[in-house]
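The values are calculated or read from the model by the stated rules, or taken from the named source; none is laboratory data. Quick caveat, the model's predicted, so the values are computed rather than measured. Reconstructed Cβ throughout: ideal geometry from the backbone, glycine too, with neighbour counts over all protein chains shown.
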Amino acid sequence: MSHKRIPKRKAAIAVGSVAALGAAALLLPNANASQDGATDAAAPKTLKSADASDLASQLANLLGDAFAGSYYDSDKQQLVVNVVNGDNNVIVQAKKAGAAVRQVDNSMAELEAGAQTLKTKATIPGTSWAVDPRTNKILVTADTTVTGNKWDQLESTVQGLGSNMATIKKSAGTFKTFASGGDAIFAGGARCSLGFNVTAGDGSPAFLTAGHCGVAAEQWSDSEGGQPIATVDQATFPGDGDFALVKYDDPNTQAPSEVNLGDQTVQITQAADATVGSQVFRMGSTTGLADGQVLGLDATVNYPEGTVTGLIQTNVCAEPGDSGGSLFTQDGSAIGLTSGGSGDCTAGGETFFQPVTTALEAVGATLGDGGAGAGGAGDQAGGEEAGAGDQAGGEEAGGGQDAGGQDAGGQEVGGEGAGQEVGGEGAGQEVGGEEAGGQEVGGEGAGQEVGGQEVGGEDAGQGVGGEEAGAGNDQTGTGQDNGLNENH
């Protein structure tokens, strides 16, 4: 499979080589193995996480007020649906659709009301909350800055919700955005990571990154002190998300839709919603490749800069320099952009991501190859690149964006394969993907290169297709900056 790329700056991954090897072992071609078909209509179906997300959306509409959230049981590969006051008809419908059904106490309306109470009474910097469907409660987290009267206020508010409504967890770190200096894309003293390449509403090539990178500077370069190659078009932070659309200055920029992991690439074929319990991968310029699980949806995070709503909460580690990087699934679905969190890849911590689907809708962009050579939005039969649509017989089904160098080290949100049948067999998506080039940390090549990047000045990996899997995100869409969090 060949991909057109423009030259890009070499970069080194400072840390995370061991984690990258472990996570990469999970991203092999066998990811496209079809799932088992369920023969008993009443028995839960074996599903891939992308199919589980689609089924969850369908059941949320079907069950109405009885629906109380859902999550993916990765061990059993089943979707578990919570229901309240479910009569036999509701339960039969959910089981018939292929889900495992669990009766719970708290309805979605009650949980959402509890979250609103927290917003009104406990919007304290260093706190976050998200609904956890596995416990049927609101998970409230407080970092190390929440002490004294602030802690008393938070604890009192949680207790006022009722004993079975919410739990409090203390974080060992401090909530912050992960944008600091030194990764794939640069602007002034800031450095961030590119999340996914996209096509803007006017047809021009662009990429998504973290909003706190977009509001930090207007023009971005692929090298420290270099000439700008892209300009911020829209940015949101804080508020209803943490995302930015950055347009390449050269309209002929080729921005492939893939994540480069060094020895393999993950083709991004679609944008998908996250499902609690599903396995996700993030690529970061500081820490390379890491994996973990989705813990909560619609999370509210109170950063020092302000409150951000609508985020995905995970246990995937990240460190400064990873902001804006891509969060994706094994099958090539773009899920999110790295926003911030606490902890590191030694001790672990909480990490939050901007959903890609929400960002695309807000900025009016589409996921897929941007720039010269990009395919259209429809299906292409036999062509080399198929823009955002499914390709029938072509080499590349460009659904994902190249995460090339955004500030705040964001992760690339690689999506799972497009067009999979819910409850049926996998659609055999290609696990080929976007290039996730690492960014240089502090200007020194301290770590191993992911995909042909330079390790301490020496080539450590082979380029993908004979090309370097560039080290800082080339904003022409050549490689994703794997920087997850940049210290902001």
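Taking into account only those residues within region 251-269 that are of a type in the set (A, V, I, L, M, F, W, C) and modelled with pLDDT under 80, which is nearest to Leu208 (Cα to Cα)?
First, the residues of region 251-269 that are of a type in the set (A, V, I, L, M, F, W, C): 255, 259, 261, 266, 268.
Filter once more, keeping what is modelled with pLDDT under 80: 259, 261.
Working: Val259: 14, Leu261: 19 Å.
Result: Val259.
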Quiz item: In this structure, is Asp152 surrounded by fewer than 20 Cβ atoms within 10 Å (Cβ to Cβ), at pLDDT 90 or above, more than 30 Å from Ile138 (Cα to Cα) and over 22 Å from the mean Cα position of the chain (by Cα)?
Solution: no
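Can you find a residue that is among the basic types (Lys, Arg) and within 21 Å of Glu319 (Cα to Cα) anywhere in region 235-253?
Residues of region 235-253 that are among the basic types (Lys, Arg), as a first pass: 247.
Okay, now just the ones that are also within 21 Å of Glu319 (Cα to Cα), so none.
Within region 235-253, not a single residue is among the basic types (Lys, Arg) and within 21 Å of Glu319 (Cα to Cα).
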Quiz item: Within region 339-351, can one find any residue that is of a type outside the set (Ser, Thr, Tyr) and at pLDDT 95 or above?
Solution: no
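Can you list the helices (runs of 4 or more DSSP H) lying wholly within region 39-128 that have 1 or more residues being touching a helix residue (DSSP H, G or I) at 6+ places or on another chain (Cβ under 9 Å) and modelled with pLDDT of 95 or more?
Working: elements: 49-63, 88-96, 108-121.
Result: 108-121.
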Practice problem: For region 328-337, indicate whether the set of residues that are among the aliphatic types (A, V, I, L, M), surrounded by 24 or more Cβ atoms within 10 Å (Cβ to Cβ) and modelled with pLDDT of 95 or more is non-empty. | Solution: yes
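Select the strands (runs of 3 or more DSSP E) contained entirely in region 209-318, then report the ones holding at least 3 residues which are surrounded by fewer than 24 Cβ atoms within 10 Å (Cβ to Cβ). Walk me through how you get there before you give the answer.
Numbers: elements: 230-236, 243-248, 258-260, 265-267, 279-284, 288-303, 306-314.
Ranges flagged: 230-236, 288-303, 306-314.
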